[in-house]
Amino acid sequence: MDDLLSRIVGIAKAAGRMMITEKTVDIGNKGTKENYVTSTDLKIQKFLRKELTAALPDSKFMGEEEDDPDVPDTYSADDLIWIVDPIDGTANYAHGIPMSVTAVGLVKGGEPILGVVYQPYLDEVYYAEKGRGAFCNGAPIRVSDHPKERGIVCTAWSCYNKVRAPLCFDVSQSLYRTCEDIRRIGTAAYELCLLSKGAADLYFEANLAPWDYTASACILKEAGGLIESQYGSIRTDRQCMIVAANNAENLEYLKSVVHGTVAKHPEAGITF
Ligand code: LIP
């Protein structure tokens, strides 16, 4: 692990530990009742912005809880941009379910080149740099070789935009007939790390923000997994539908199910 990655792992762990150490947490909502933001989100994000931009002085910062979280037009493709979710799984955190992570991704030219995801309740830190492998707590990790019939599917049902819920439930029903089982864990960043270590095998979500998947996309690719969006490759400058799998055969199967189901749900507003 080189000095920069080691420093970022330390920063992500210090940030994630705040989920456990914060004793007074103010819980608010943004947009819908399902979309929480807490005082801990804001505290972690402030800490990450300070520490990450200090680690790479010329870098830019995009965090979920920024006033204007989208990538500002002033960011050029060559910029190094931190794409950060201070708490991924905020609803779990707000409800006292010990399943949320801090996710830190770094992109250059729109491509993830570094990813760190820390799950403080299990003290698990997943990390990768482009071209240098993926790890969990220092041990190399790799996707499974499970066929789809043994596949554990991680997914969600669009709780922030329930117009898309029928699409999501139909995708789940189709996958459930073939795959082994389904898990809805509530943090995309962590679920994609489960694929990276071979504990899960396929992933679908109708709409995610770049901070939900950027860090984990780097980790998953380095672990031998595949991740795409409706645009083909994932985009880090806009929200995406995300499909991911442990191998090409299972990704093609997943895409065939998703594409066929999307065609039956024009109300979801997803186009390829
Ligand atoms: C969450 C995702 C999760 C998704 C939720 C939400 P947040 O991110 O990680 O997979 O189903 O709707 O988007 O809002 O907790 O950072």
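Rounded to the nearest 5, what % of DSSP beta bridges with both residues in region 148-268 are antiparallel?
Once the DSSP bridges in region 148-268 are tallied, antiparallel ones form about 60 percent.
Express the carbon and sulfur contribution to the solvent-accessible surface of region 50-177 as a percent, rounded to the nearest whole number, probe 1.4 angstrom.
Here carbon and sulfur together make up 51 percent of the probe-accessible area.
What nm distance separates the two modelled labels at His95 and Val25, each placed 7 Å from Cα along Cα→Cβ?
Going by the 7 Å Cα→Cβ label model, 1.3 nm.
If one puts a single equal scatterer on every Cα of the chain and applies the Debye formula without solvent, what log₁₀ I(q)/I(0) results at q = 0.08, 0.13, 0.14, 0.17 Å⁻¹?
Relative scattering, expressed as log10 I(q)/I(0), comes to -0.29, -0.80, -0.93, -1.39.
Might you tell me the accessible area per residue for region 1-111, computed with a 1.4 Å probe and given in Å²?
48
Of the cross-linked pairs Lys148/Lys197; Lys60/Lys221; Lys60/Lys197; Lys162/Lys221, which ones have a Cα-Cα span greater than 18 Å in the structure shown?
In this structure, Lys60/Lys221; Lys60/Lys197; Lys162/Lys221 exceed 18 Å between Cα atoms.
Working out 0.36 nm times the residue gap between Ala165 and Asp79, then minus their Cα-Cα distance, what length gain in nm do you get to one decimal?
27.4 nm
Calculate for the chain the 222 nm mean residue ellipticity that helices alone would give, adding -39,500 (n - 2.57) per DSSP H run of length 4 or more and normalising by residue count, nearest 500 deg cm²/dmol.
Using -39500 (n - 2.57) per qualifying helix, the result is -11000 deg cm²/dmol.
Please compute the volume of the convex hull spanned by the alpha-carbon atoms of region 131-242 and report it per residue in Å³.
Residue-normalised Cα hull volume stands at 102 Å³.
Quick one: how many Å² of Thr24 are accessible to a 1.4 Å probe, rounded to 10?
110
The values are calculated or read from the model by the stated rules, or taken from the named source; none is laboratory data. These numbers were taken from a predicted model, which means no experiment stands behind them. All Cβ positions, glycine included, derive from the backbone under ideal geometry; neighbour counts span all protein chains shown. In case anyone asks, the SASA skips ligands and DNA or RNA and just uses the protein heavy atoms, side chains included. Shrake-Rupley method; radii C 1.70, N 1.55, O 1.52, S 1.80 Å.
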